[in-house]
Each structure stands twice: as C-alpha cells, then as structure tokens.
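All remarks here apply to the structure that follows.
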Amino acid sequence: MRPTSEAELAEIIRTATGPLAIEGGDTRRIGPSGGGAPLDMTGLAGISLYEPGALTVVAGAGTPLAQVEAALAAEGQRLPFEVPDLRGLLGRNGVSTIGGVASANASGPRRIQAGACRDSLIGIRFVSGEGNVIKNGGRVMKNVTGYDLVKLLAGARGSLGVLSEVSFKVLPRPETEATLLCRGLTPAQAAAAMAKALGSPFEVTGAAYETQGTVTALRIEGMEGSVGYRRAELARLLGAGWDVLDPAASAAHWGAVRDVSAFAGVEGAVWRISVKPGDMPAVLAALGADVPAICDWGGGLIWALVPLAGDGKAAPLRGLLAQIGGHATLMRGHEHLADVPVFHPEPAALAALSEGLRRKFDPKGLFSQRSA
Amino acid sequence: MEMPIANAAIVAGKPAIVAALLEVLPPDAVIFDEAEVRAYECDALTAYRCPPLAAVLPSTTAEVSAVLKICHRMGVPVVPRGSGTSLAGGALPTADCVILGVAKLNDVLETDYDNRFIKVQSGRTNLSVTGAVESDGFFYAPDPSSQLACAIAGNIAMNSGGAHCLKYGVTTNNLLGVTIVLMDGTVLEIGGAYLDAPGLDLLGVICGSEGQLGVVTEAVLRILPKPEGARPVLIGYDSNEVAGECVSDIIKAGILPVAIEFMDRPCIEATEAFAKAGYPMCEALLIVEVEGSATEIDEQLALITEIARRHNPVELRQSQSEEESKKIWLGRKSAFGAMGQINDYMCLDGTIPVSALPLVLRRIGEMSKQYGLDVANVFHAGDGNMHPLILFDANKPGDLELCEAMGADILKLCVEVGGCLTGEHGVGIEKRDLMHVQFEPQDMEMQLRVKDVFDPKWLLNSAKVFPLDVTAGRRAG
C-alpha cells in the first residue's frame, strides 16, 4: 500500500484489520522486522511550506531527507540537529525520509548544543490507530497550547501513530567551522577535556572521543572572526597537544562521527548507549578495553562495537546502567545474539504508562512493530 | 469564566479529609481555616477567585505521595501550585479541591558542572536556580518575566519560555528529568542526567501538561556556561511592516541573536512615560541582543546594523557600555509595569508566524478601535510570540467582559494566520474555551487520552486546558 494523500492513509488505517509495517526509506529500522502489511509512506512527499525568515519548514512525512536538506542549504540554512545517516552502519541502501528522521528522533553530534530532533520538531500531523487524522503543535516555534504530543511521537518509532506531516524549526548554516583534535588521551582524560570545553563559554557544537586511535575532537562553528577567536581561547584553555582541523577536514571528521562510519561494514554487534557524559569511562571499562567505541555528546552517547557472541556484553552493560542510570539499544546484530532485548527494559511503572499510551493511540494494535 | 460546580459531598466531607491529611503531614503544613485558605484563592489571573477546601504544603516527595494517595482514595480533586504566578489561571482552585503547594520543596539536591546539570526540588524559583550556579559561571536558560517569583514546578507545567528562547529554547528543551508523583501516589523517575529517552518520551508530554498528569517534585535541569558578554542594539522604525522586514532579514542573514524584542507605539509611549529609558518616539522599536566576546559582539552587531540601515531606521543606537545596555532593556522590562500604571490590563500571548506580523498588528489596531479599548504590543519578534496588552477598567461594569471578548478575537486571529493560542503562558482557564478554535474534536480527544492514562479518575487540575463540555464525561467518572 502506498497512499498519496493523508485522507488515503487514514482510510487504509481505518479499515486495516492486521498489523502494518510503516516504511519510510527503511534506513533507520532496528530490531527484528515483525512483519505486517507494508505501508509505504513515500507517496506523502513534498515541502508544503518553507519560510527562511521565520526559520520554519513543513514537509510531508515521506519527503526524502536529502530534498529537505537541499532546500534549506539553498537558503543558507539547515536542520539544527545534524541528522545521522546510518545506512552504512545498518547495511541499508534506501532513501531516508523526513518522517523516519522524526520517528527515530535521529540526532547527531550537534545535539549537545542545538538540541535533539525532538527539540526542533514543532508540529506534526499523524493518523492514529483508529484512522483519525490528528494535529499537534504547528508551524510556530513557541507553542504551549494543549499537550505536547509532538515530543511523544518523536522517537516513538511509529508505535503511536503514522506521521503524515512534520514541521521543523531550522537554523542558519554558520559561515565556517573548525575542530581541535588531540590524540593519546585515556577515556578519563578525554571525558575531562570534553567537560572542560563544554563548560566554557566558547560554544562547542561537537565533542567526541574515539577509542580507536584515541582521538578527542572538539568543534566550533560560527562567523569567521568568532570561530578564530574561540578556537584560540579553547586551545589556551586545554593546553598543549591540540591540532587544528581546517573546515573541510572538520566537516569530514564530524560526518564520520555522526554516521558511526568506523563501524560500517565491520563485523560485530553495535550498541547505542546513552549515559551521563562523565560515566563514559565506566561504561568503556565495563565493556572491556578491546571493544572499540565512539563516544559522542561529550561522552553521553556511546556507540560500541562488540563481538557477535553470547549476549554481546548485554549483561555487564545493562547491569552497570541499572546502577548508574542511562540506557542501551542494540542497533545491529540482534539476530546473532541470544535473547537480548533490542530496546532497553523499562522499569515496570514506566512500561505500564507507555503501554497504556500505546493502547489509547493504537487500540487495534496495528503499529506494534516499532519501525522508522 | 465557568468553573465546575463543587461536589457537595466532598465539601461536606472536609473534616474527614483534613483529618486524613493531618495524619501524614505536620500540622503547619495543612491549611484549612476558612480565612487562611483565601491565600490560595487565585494566582496571577486575579479576575477569578475561589477559596479551596484546603491547602497542603508538603516538604518531601514522600509527603506529596501520601497526600495524593489520600485524595485519590477519597475522590478529592487536587490542584497543584508552584508560586501562583500563572497568568492563565493554571492554579485557580475549585471549592472542592485541595491545593498542593510545592513552596517548601526548594532545595538544590545536586550540582554537577562536569555534566552540566543541576537537580532541584520543584518549588525552587527560576531565578534562584541560576543563583545557585552563577558564581561558577553557569546559568539556567529559560527566563520568564516572573523569574524572581515563579517556581520550576510551574515552569515545567506551562513549559515556560522567556526573552532568550530564540537561542536557548524553552523549558522542555532544558529539562532532562523529573521525579513525578502520579495521582494514585506512585512515584516515578523519568529521564535523568543523560540526553534522550529510552522509550516513549514521557518527559516531553509531561512538560507543558499544566499539572494535569502528575505532581513534579524534583527536576534535573540543563545548565549552560554563561556567555562572555551580551550587548543590545536599539532600532526604531516608522512602520511595523518595515520593522518586521528587518527582523526577517536579520534571521535570513544567518545571525541568531539571543533575543529580538519588538514594541509598538502605544507601548513605547507608555514605557517611556513610566521608565524614561530614552526611547525614540516612533511606530516600532526593536531591541536586538547578541552574545559572545567583545570581538564577536562587534562582528555580529556590525552585520545587524548594516541590515537595519538598509531599512532606513529613524533611530539606531548601539550600546557602548553596560550602563547603556541596562537602559535599553529598562524600558522593555518595565513595559508591563508601565501599562499597569495606566489601567488594568489583560496580557495575551498568542504566537504567529513572523511573516504575518504586519497583518496581525494592523488587525489588532482595527479591533482596538472597534472595541474602544487601547492595546499595546510588546513581544518576542524572533519567534513570533506576541504579548498584546489590552487595557480595561476592572471597576467599570462590563469592561472585563469586553476585554475578554477582544482578547478572544485576537487569539482567533493568531490561529487563523497559522499560529496558536498560547506561546508560553499556558491555556489554564483563560484560553480553555478557545481550544476548539485551534483543535478539532479528535485532536483534543487524543490529548484527553493521555490524561486518561496518567490520571484515570481525572482528579488532577481537571477543570483546566480543555473546554468543560469536552471533559464533562471524564470528570464525572
């Protein structure tokens, strides 16, 4: 099924009797594909409104991400949250859609400064499990009218409803960028350096540590003069040992961090771990020194490559997270690991609330397959 | 403004309810004397008042849980209250309710600069959160005008904004986690010092739910390093249209000022008479503020003034000193006080697409003539969040009703041009009956179902946000 209008989408859902598999470009789905009748969302495409002066763009959920990004780039703007392209990591080759981006709350390195996808998503239209068209939020960036279902649907991976249209707040693309890079730091030293930089007034928009090559990188973006000033101040703050990457090298570096390129095509299961940034060294220790990791968000987002054996280190990892807080999602390799839940188990009371919401939004259980 | 008829059985059961509350709280934390409960009869929307059955002031999450368990068991409605600064009537009681005030919950629980968060109890005031970290060079970004008094609990309930959200976002963008007590007394930790949710983003829907889903007792808030400096530029134009174009051009040029404030002529005149900030008399005044080091500020202001000049300003004043900056902000910050000197006023906060600004200001001017009520406009132009202030005389019979009718017309206009009823104050009771202007029945139904899950008996702040006829069946159940 490939609806080409919201009304058609609503009709399909209203009359559906069995599970549906909502598909954008199939570039972000994680976990087992649970079956269900394919519902191809690419027919609901097109940018319906773009006002550069109001920093707002509205598009059909099936609009290719690349189309949105190109339209913004033509006006010197961009999506603030630096959308990761995980096709390499996940071994897919589809066309990422903007609805899939929202459904996965897909957010890259700039999340630490500009917020996540959910922070820029200012409005949605979606179809509930009963086939009703629902709108929430809108096209203005300050809106507290009624409950914020926008946040609830962002990252819900289609489990509460099918997005038909999304509105985003966008931001100007900065004039230039620069990266400071240091090799040879231990995880603890890297965490400390990143905390120092992120605690400075120099507006760091990327802070990541990679265990392979022990590379720590810090990014600054903005107007030419400002970037030069902050780069110098930051270097002074951090002390000796930091090299400068020019804008092109900087962009390439953060593209690789954003897309977790180092693990693309390399055998192994991949965890995506969200913790308090300062807990990064403890997580790496629990995983073992031989586990390659890319630690973005100042250490708060850890991508770890583990062997396809046993439980893929799920027990020590989730055991530690139960003590220190945070969560881990198995992004890749579940089919090779024994009985490892892909999504992080929630405390019973929270799980009950979430389940209650899913039943209210999707009484027929059509969207039980989390997709994106 | 209609409120539900108090449940006579609950009112009659007051002695038993008070006795049960006194079993779980110290005597001074339960207020039930008829004169004393009057302290809680209204919030900052003072046109509406109703003394509650009782008010409680718990000091711990456990006490909040105990109170809610009692009220849940006895079927008593509960209205949570932060500092009572809501302009929308978010904390207005009903005669059969218990006010649950979080004022005693005001401690800082944890400050962590390496991970850039602070954990506070929810009764702590907004400004005192920044106060707790500013000597170490940090601040908490959302800055509603009432920040000296308003509580974090209320900020979370209303998803409060402020003048600087163009750059830093509103409460929901700066909230990492909460401890929340559900109506049945269940205590939940949602989120934490990490940056995203493991499953559904429950934190996202709790923020801005106007105290209808649970009582937040603790919050993990993101703190940011203070910028090195900030400086505003004052730009005056002889037309609203041109000022609007200037705002749009600044944004399109790739600059993201930390604030862009807009004042129209009636507002300029009133504030100038009141605060004497030295504003030029013109149709539209912009205050554009940028942040950074001295060099960075110069770089940005040079670009902004170049853009401003293209539109032939009648005044262009770059602040050269801390003192001058203060003076430029003085008028803007005293705008509400200035209007209060002239008359009673009602402050709206609808948001519009920035492109609709000239049209909306023109229509508001027409409505002002039609209703015979003066209006001054002051607002956050970068994000389209308007604050029309309608002047009226509370002592003149019928004037409040006239003012409310005009306010409703303005908010309908905001929705009509693609905006919304409220940008940062919340719906409360004030805009409750206008929700159908912005939402279709099925849109609201989906929101009501969220409350069904969190508060199945509909006891928590239930007479707010949604029109009473829409929630009637649920509140009765």
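The values are calculated or read from the model by the stated rules, or taken from the named source; none is laboratory data. Model, not experiment: these values are computed from the prediction. No Cβ is skipped: glycine too gets one built from the backbone with ideal geometry, and neighbour counts run over all protein chains shown.
Hey, could you check the range B:268-284 for residues that are assigned to a helix (DSSP H, G or I) and in contact with a helix residue (DSSP H, G or I) (Cβ under 6 Å, 6 or more places away or on another chain) and say which is nearest to the other protein chains (Cβ to nearest Cβ)?
Ranking the candidates gives B:Thr271 first.
Conditions (1) modelled with pLDDT of 95 or more; (2) assigned by TED's automatic domain parsing to the domain that holds B:Gly331; (3) under 25 Å from the mean Cα position of the chain (by Cα), marked per residue:
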site: B:Asn174; (1), (2), (3): yes, no, yes
site: B:Ile235; (1), (2), (3): yes, yes, no
site: B:Glu245; (1), (2), (3): no, yes, no
site: B:Lys252; (1), (2), (3): no, yes, no
site: B:Thr271; (1), (2), (3): no, yes, yes
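Please go through the range B:449-467 and give me each residue that is within 18 Å of A:Leu149 (Cβ to Cβ) and aliphatic (A, V, I, L, M), ordered by number.
Of everything in the range B:449-467, those that are within 18 Å of A:Leu149 (Cβ to Cβ) and aliphatic (A, V, I, L, M) turn out to be B:Val450, B:Val453, B:Val465.
Scan the range B:146-189 for residues that are touching a Gly at 6+ places or on another chain (Cβ under 9 Å), among the β-branched types (Val, Ile, Thr) and either more than 10 Å from every other protein chain (Cβ to nearest Cβ) or crowded, with 23+ Cβ neighbours inside 10 Å (or both) and jot them down.
Across the range B:146-189, the qualifying residues are B:Ile152, B:Ile156, B:Val170, B:Thr171, B:Thr172, B:Val178, B:Ile180, B:Val181.
Need pairs with beta-carbon distance below 8 Å; first residue small (Gly, Ala, Ser) and within the range B:352-379, second in a helix (DSSP H, G or I) and at pLDDT 95 or above; sequence gap 6+ or separate chains.
Close Cβ pairs (under 8 Å, with a partner that is in a helix (DSSP H, G or I) and at pLDDT 95 or above) amount to B:Ser368/B:Met406; B:Gly372/B:Leu402.
Take the range A:52-65 and flag every residue that is of a type outside the set (A, V, I, L, M, F, W, C) and modelled with pLDDT of 95 or more.
A:Thr56, A:Gly60, A:Gly62, A:Thr63, A:Pro64
From the list B:Ile307, B:Ile287, which one is away from chain A (no Cβ under 13 Å) and either under 23 Å from the mean Cα position of the chain (by Cα) or surrounded by fewer than 24 Cβ atoms within 10 Å (Cβ to Cβ) (or both)?
Step by step, each of B:Ile307, B:Ile287 is checked, and only B:Ile287 is away from chain A (no Cβ under 13 Å) and either under 23 Å from the mean Cα position of the chain (by Cα) or surrounded by fewer than 24 Cβ atoms within 10 Å (Cβ to Cβ) (or both).
If A:Ala235 meets every condition in (1) more than 14 Å from chain B (Cβ to nearest Cβ); (2) assigned to a strand (DSSP E or B) apart from one, which number is that one?
(2)
So which of A:Ala188, A:Ala208, A:Ala192 is within 28 Å of A:Val283 (Cα to Cα) and within 11 Å of chain B (Cβ to nearest Cβ)?
On the way: A:Ala188 fails: within 11 Å of chain B (Cβ to nearest Cβ); A:Ala208 fails: within 11 Å of chain B (Cβ to nearest Cβ).
Unique residue meeting the criteria: A:Ala192.
What number of residues within the range B:202-254 satisfy the criterion of being within 10 Å of chain A (Cβ to nearest Cβ), buried (at least 20 other Cβ atoms within 10 Å of the Cβ), among the aliphatic types (A, V, I, L, M) and more than 25 Å from B:Val129 (Cα to Cα)?
3
Going by what's in this entry, would B:Leu221 be described as over 24 Å from B:Gln320 (Cα atoms) and not polar (S, T, N, Q)?
yes
Going residue by residue through the range A:273-281, is there one that turns out to be within 17 Å of the chain's Cα centre (by Cα), surrounded by 16 or more Cβ atoms within 10 Å (Cβ to Cβ), farther than 26 Å from A:Arg92 by Cα and hydroxyl-bearing (Ser, Thr, Tyr)?
Checking the range A:273-281: not a single residue is within 17 Å of the chain's Cα centre (by Cα), surrounded by 16 or more Cβ atoms within 10 Å (Cβ to Cβ), farther than 26 Å from A:Arg92 by Cα and hydroxyl-bearing (Ser, Thr, Tyr).
If you take the residues of the range A:19-57 that are among the charged types (D, E, K, R) and more than 20 Å from the chain's Cα centre (by Cα), which of them is surrounded by the fewest Cβ atoms within 10 Å (Cβ to Cβ)?
Ranking the qualifying residues of the range A:19-57, first place goes to A:Asp40.
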